[in-house]
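Peer 1: Have a look at this one before I ask anything.
The values are calculated or read from the model by the stated rules, or taken from the named source; none is laboratory data. The structure presented is a predicted model; accordingly, all values stated were derived computationally and were not measured. Every residue, glycine among them, receives a Cβ derived from its backbone with ideal geometry; neighbour counts consider all protein chains shown. Accessible surface is based on the protein model in full, side chains and every heavy atom, while ligands, DNA and RNA are left aside. Shrake-Rupley method; radii C 1.70, N 1.55, O 1.52, S 1.80 Å.
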Amino acid sequence: MLRVARICAARRHSGRAVFALLARPRPCVGSHSLGHNCHDGTTKRNVDEDIAGFSNQKSQLVSRGACFSTTTETVLVQARDPSLLASEIEAAIDQQRFDDAWRAYEKHLHMDGLPRKSVLSKLITGFAATCDAHRLNQSYSVVDHTFRERPELLEKEALIYLSLVLARYALPDLAVNVVRKLVKIEAYPPVAAWSAVIAHMCQTATGSFLAADMVMEIGYLFQNNRVDPRKKSNRPLLAMKPNSFTFNIVLTASLLFGTTKKAEQLLELMPRIGVKPEASLLVVMARIYEKNGHKDEIHKLKRHVDEACGLSESEFRQYYDCLLSCHLKFGDLDSAVDMVLDMLKKGNNAKRSLEAAKAVLEAVESNKIYLPCQKADPENSGFLNKPVSTDHQMLNYASFFKDKSFARLELEARELLKLLSDKLQGQVGLVKSEHGVLHPTETTYAKLVKTFLEADKISALASFLVKASKEDSPVSVESSFVVQVINACISLGLLEQAHDLLDEMRFSGVRVGSSIYSSLLKAYCKEGNHEDDITALLKDAQQAGIQLDSSCYEDLIQSRAHHNNTTGALHLFKEMKSSNIKKSVNREFEMLVQSCDNNEAALTAKLVEEVKSGHTVNHAIHDWNNVIHFFCKKRLMHDAHKALSKMRVLGHTPNAQTFHSLVTAYAAVGGKYVEVTDLWGEMKVLANSNSMKFDQELLDSLLYCFVRGGFFLRAMEVIELMESSKLFIDKYKYKSLWLKYHRTLYKGKAPKVQTEAQLIRREAALRFKKWIGLT
């Protein structure tokens, strides 16, 4: 108890707490008695007597201190000895008693503020290493509190470790906030470290959206040579500069999850910070331009892709898939047809060359045949075929701390990028490759044929089908492109188009089988009122020497009889008898058709599916969007609005991409927020009439403009729409905007006299302030 007396003598204000303890009756603890016996019947003293006794005789304090419990002594000693609490925190972390560690930390905060730097780092990394969601949130709360109170206590390595674990275990919003805090306290993380963080973030849609924002925020620091590389003091900052690999990760994820407009902003940022794209990034760039409808940009990349070294077969396939998709999106049928025919021609030549090579190999090696393009290095084949796994066991902090160059994190990030790229390859549907040769898929033919039919260009379609059939050289007539397309038209009820195609084939000298004539005649009979078409088609079949099957004759006879044309029906019956057609022919025909349907009619099924989907493309909208985007990119906003007005006059409804170009341009120009509110009003009208659908990128750009310009009533409208649509909102970003531009707004009391509009604006601003967590 002498320690308590010394503490009381050293600190003036602590005497009152001791007096309060002495004023209350307390049980005596015999083992702590210092030669003074206390009994329950001891005469009570009032507070004034205690104070007088303390001031006159210090020995009385020691005598009364004998009646303190051991618990009271421990609390008093620890309250003035934070080192014991710090030791308790460290011991609890080592022994994985995390609840005890958290209680000791809270006690330390209450009594003496934040613990020292080493203890704080151990607490953060210890909780992070558990990989438990609750502990991770506790660890982040420690960082957040320390950042606000004493940011100098935060250790760079500990925060990098925490951000990595948060990103790995699907807490991307907290992970990106930790990296932002590192940048603010100028503890710049190396690019290898934070690239691994965003690689884990990019495995989800929300994470990829945040990762793109983070790359833009960090890249902005290096824009237009702001950082002098000659200064030694700038080396830590330059070590954080994003590189081509970092952009590759974020762009691939943005493409995978559909945030392609933000991805294009990243592409525009790259040259401004001096980052040159890798060869593999060229294909990702092409796919982004294709999604955003920038055909000219894709054509500019063609020369670079053809000349690039190190591109794989799948990457070439992705690029030409983008190019073909862009031709179809803009309705450029001539370019699409030329591209498909060129692929078919090259494939045919390669096939002949391959067959010749096989013959040579067979002659040299009588019993062993292998192709150079199929030969694989046994040492590398296992590596290439090895599945990429992201389920690596999380490093503990000690092992993580030893890797000063973050080499292991960089390797992990590359594996995660490969995983994203593999997922992206699954979205390629127009071009396939065999032995390094590109071929169009059934989907390509289906989309191309559908575009021809929508444009009512039957002659051009027939010309394409004739050329494609010659290049493809099908095994049988029934499996040719011509037959499958005509069959698809018949299945869709497009009998006139099917008949026109059949006539075009006949005029071109292309022979088709009897199944097409039979199918078309049966379809005419089923619909009725096609007597003239039936007569003409029967005449064409006879001239072409086509032998119809018995089931077709039966349908024709029934159709003539149904229309009271007994003479025609009798003539057909005699013709069938004279041709000596038997039922077996019909069975053989059905077997042939069934075989064709099951194995070789993939194009027919694809075309029927494509047309029935009802998805139509307005090619003119893409053209107008390109024009508006060009003006917005050059900051020619007056011209952009003139193009928008012309677009409306011609009857084309603007879509999300149109408005996104305008909003982002106004945000870049600055000060044009009134114009953005006008656009917002038009967007709401279009959305209510189901003419336009909002996406996250457009709404996020609108929210940024409204918060930056102080239009909080409109900002709350966007927030309500995003929350009702369950779209992610980065509150940290908008909280930072408020603190930067509107910190002092509406801080005082409301004025006694204000208009209704002023009251509404004030309430909206306060609601927004509450939403970001500042009230």
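Peer 1: Whether any residue in the range 79-89 is surrounded by fewer than 14 Cβ atoms within 10 Å (Cβ to Cβ) and under 19 Å from Asp132 (Cα atoms) is what I want to check.
Peer 2: For the range 79-89, residues surrounded by fewer than 14 Cβ atoms within 10 Å (Cβ to Cβ) and under 19 Å from Asp132 (Cα atoms): absent.
Peer 1: State whether the residues of the range 269-283 include one that is buried (at least 22 other Cβ atoms within 10 Å of the Cβ) and at pLDDT below 95.
Peer 2: yes
Peer 1: When you scan the range 395-433, how many residues do you find that are over 24 Å from the mean Cα position of the chain (by Cα) and of a type in the set (Asp, Glu)?
Peer 2: 1
Peer 1: Taking Trp680 and the conditions (1) surrounded by 14 or more Cβ atoms within 10 Å (Cβ to Cβ); (2) assigned to a loop (DSSP other than H, G, I, E, B), which numbered condition does it fall short on, given that it satisfies the others?
Peer 2: Among (1) surrounded by 14 or more Cβ atoms within 10 Å (Cβ to Cβ); (2) assigned to a loop (DSSP other than H, G, I, E, B), the lone unmet condition for Trp680 is (2).
Peer 1: Now for a separate question. Among the listed residues Asn655, Asn626, identify the single one that is in contact (Cβ under 8 Å) with a residue 40 or more places away in the chain and closer than 21 Å to Thr259 by Cα.
Peer 2: Step by step, each of Asn655, Asn626 is checked, and only Asn626 is in contact (Cβ under 8 Å) with a residue 40 or more places away in the chain and closer than 21 Å to Thr259 by Cα.
Peer 1: On to the next question. Only residues in the range 677-699 that are without any contact (Cβ under 8 Å) to a residue 24 or more places away in the chain count as the first member; pair them with residues that are assigned to a loop (DSSP other than H, G, I, E, B) and of a type outside the set (A, V, I, L, M), Cβ under 7 angstrom, at least 6 apart or cross-chain, and list the lot.
Peer 2: Ala687/Phe694
Peer 1: Among the residues that make up the range 550-557, is at least one of them within 56 Å of the chain's Cα centre (by Cα), modelled with pLDDT of 80 or more and either of a type in the set (D, E, K, R) or not in a helix (DSSP H, G or I) (or both)?
Peer 2: No, the range 550-557 contains no residue that is within 56 Å of the chain's Cα centre (by Cα), modelled with pLDDT of 80 or more and either of a type in the set (D, E, K, R) or not in a helix (DSSP H, G or I) (or both).
To keep it simple, each residue is scored yes or no on (1) touching a helix residue (DSSP H, G or I) at 6+ places or on another chain (Cβ under 8 Å); (2) of a type in the set (A, V, I, L, M).
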site	(1), (2)
Thr677	yes, no
Ser689	no, no
Tyr704	yes, no
Phe712	yes, no
Lys740	no, no
Arg743	no, no
Lys752	no, no
Arg762	no, no
Ala765	yes, yes
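Peer 1: Ok, one more. Part of a helix (DSSP H, G or I) and free of Cβ contacts under 8 Å to residues at least 12 places away in the same chain: which single residue out of Glu471, Glu496 fits that description?
Peer 2: Unique residue meeting the criteria: Glu496.
Peer 1: While we're looking at this one, here's another question. Mind counting the residues in the range 201-218 that are assigned to a helix (DSSP H, G or I) and either open to solvent by 20 Å² or more (accessible area, probe 1.4 Å) or farther than 17 Å from Leu171 by Cα (or both)?
Peer 2: Number of matching residues: 6.
Peer 1: May I ask you to list the residues in the range 160-173 that are of a type in the set (A, V, I, L, M), within 18 Å of the chain's Cα centre (by Cα) and assigned to a helix (DSSP H, G or I)?
Peer 2: Listed by number, the list holds a single entry, Ala167.
Peer 1: Further, regarding this structure: Of the residues in the range 518-549, how many are open to solvent by 10 Å² or more (accessible area, probe 1.4 Å) and either modelled with pLDDT of 80 or more or part of a helix (DSSP H, G or I) (or both)?
Peer 2: Adding up the residues that qualify gives 16.
Peer 1: Looking only at the range 624-667, how many residues end up being within 26 Å of the chain's Cα centre (by Cα) and open to solvent by 60 Å² or more (accessible area, probe 1.4 Å)?
Peer 2: Selection size over the range 624-667: 2.
Peer 1: Next question. Mind listing whichever residues of the range 52-110 are at pLDDT below 75 and touching a Leu at 6+ places or on another chain (Cβ under 6 Å)?
Peer 2: Once the filter is applied, which keeps residues that are at pLDDT below 75 and touching a Leu at 6+ places or on another chain (Cβ under 6 Å), the range 52-110 yields Phe54, Arg64, Ala66, Gln78.
Peer 1: Please state which of the following conditions Lys447 fails to meet, knowing it meets all the rest: (1) within 28 Å of Ile546 (Cβ to Cβ); (2) part of a helix (DSSP H, G or I); (3) open to solvent by 30 Å² or more (accessible area, probe 1.4 Å).
Peer 2: Looking at each condition in turn, Lys447 falls short on (1).
Peer 1: Are any residues in the range 608-640 touching a helix residue (DSSP H, G or I) at 6+ places or on another chain (Cβ under 8 Å) and closer than 18 Å to Tyr666 by Cα, and if so, which ones?
Peer 2: Correct list: Asn625, Asn626, Val627, Ile628, His629, Phe631, Cys632, Lys633, Arg635, Met637, Asp639, Ala640.
Peer 1: Within the set of pairs 6+ apart or on separate chains, which have a first residue in the range 260-274 that is part of a helix (DSSP H, G or I), a second that is aliphatic (A, V, I, L, M) and surrounded by fewer than 20 Cβ atoms within 10 Å (Cβ to Cβ), and C-beta atoms under 7 Å apart?
Peer 2: Short answer, once both residue conditions are applied: Gln265/Met216; Leu266/Met216; Leu269/Met216.
Peer 1: Looking at the range 182-200, which of its residues are of a type in the set (Ser, Thr, Tyr) and either in a loop (DSSP other than H, G, I, E, B) or at positive phi (or both)?
Peer 2: Selection gives Tyr188 alone.
Peer 1: OK, next. Do you know which residues across the range 236-254 are open to solvent by less than 10 Å² (accessible area, probe 1.4 Å) and assigned to a loop (DSSP other than H, G, I, E, B)?
Peer 2: Met240, Pro242
Peer 1: Right, something else. Taking only pairs six or more apart or across chains, which ones have beta-carbon atoms under 6 Å, a first residue in the range 524-545 that is assigned by the TED database to the domain that holds Cys489, and a second residue that is open to solvent by 40 Å² or more (accessible area, probe 1.4 Å) and assigned to a helix (DSSP H, G or I)?
Peer 2: So the pair list comes out as Tyr524/Asp533; Cys525/Asp555.
Peer 1: For Ala620, work out the one condition from (1) crowded, with 21+ Cβ neighbours inside 10 Å; (2) closer than 30 Å to Thr451 by Cα it doesn't fulfil.
Peer 2: The failed condition is (1).
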